[in-house]
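Notes to accompany the following structure.
No lab work stands behind these numbers, since they all come straight from the coordinates. In this text, all values refer to a predicted model and were calculated from it rather than measured experimentally. For neighbour counting, all protein chains shown are included, and Cβ atoms are generated from backbone atoms with ideal geometry for every residue, glycine included.
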Amino acid sequence: MSGRSRKRGPPTKFPPGSPSKRAPKAKKRKQEALDARASGEIPAKTRSRTRDGGPQSRKPWKKSKKTSMFKWQCLEPLESIARESYLSKQYPDLPPDIVPDFKQAITVVHELDELLRGIDLETFSIPQYPQAPSVVNQWAQGCNRGSFIRTGEKFLEKNCETLDKWLAGLKFGRVEGLTDEEILGEVWFKPRGQGLAHVLWALRMSLRGHKSRDSEKIPDFILETLSGIQKVVQRIKDSEMIMQDYKKVLVIPRDFVEGSSGAGSASV
């Protein structure tokens, strides 16, 4: 005798779901399944038997109904020549206080592009400019090819300072003091994917970088650029001379790079 006394109360019962109670039921279900397979009522779901059953039926391939205004079928059209649905984006990757201003800049440029149209869809492309940062030209090249730059945290850490310096040196803060001829000659004021699109993309990357760094204040040059874009668009609309020039059909060789003879070697 071990000296242990019997516990008081009713005999111990196995709790529901205990292994000793599940095992018999599981064994019974397994046997029922094996019997059903043996009788041919339920085929075994194995790869070998699936292959033996002949070729599997596949749904016929269908061409996507989604269309792009560009022959090169950009997955996400230019922010300057955007689809209406693109303007409804919430931009969660940008500082929330600046999103309304950013969307307004995209909207006015988009409306100007819609007003001008005049794009040869067979030859349209986004130019690369020698005076632009290399990363901006990589973006342009990627849009033309349909392959886009990966703009993750490492990209922002590496390129945001360069983009900030470039944006700060543009003339968007001096629009009111420029003549119509100067506005027409400024490459970064050009609509239809020829300059303003580059600025909008760089702005978005810059704002993403500031959000990732938890910057408390948006730099003044970004606010000036966003405001200047709206002023530029209004000046273009108000100038008959500029509008007549921009309404000409835009025909650009696909691999055009202004100021050089080739498309450049920037990889995306």
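Neighbour counts of C-beta atoms inside 10 Å place 28, 237, 231 in the sequence 28, 237, 231, starting with the fewest. The C-alpha atoms of region 168-218 occupy a region whose extents along the principal axes are 40, 23, 12 Å, arranged from largest to smallest. Between residue 247 and residue 114, residue separation times 0.36 nm minus the direct Cα-Cα distance comes to 46.8 nm. When the listed pairs 165/190; 89/248; 165/237; 103/248 are checked against a 24 Å cut-off, the alpha-carbon distance exceeds it for 89/248; 165/237; 103/248.
Note on region 84-246: the alpha carbon radius of gyration divided by the globular reference 2.2 N^0.38 Å gives 1.02. Ranked by how many other Cβ atoms sit within 10 Å of their own Cβ, fewest first, the residues 160, 143 fall in the order 160, 143. Cβ crowding within 10 Å, taken as a proxy for footprinting-reagent exposure, orders 221, 124 from fewest neighbours to most as 221, 124.
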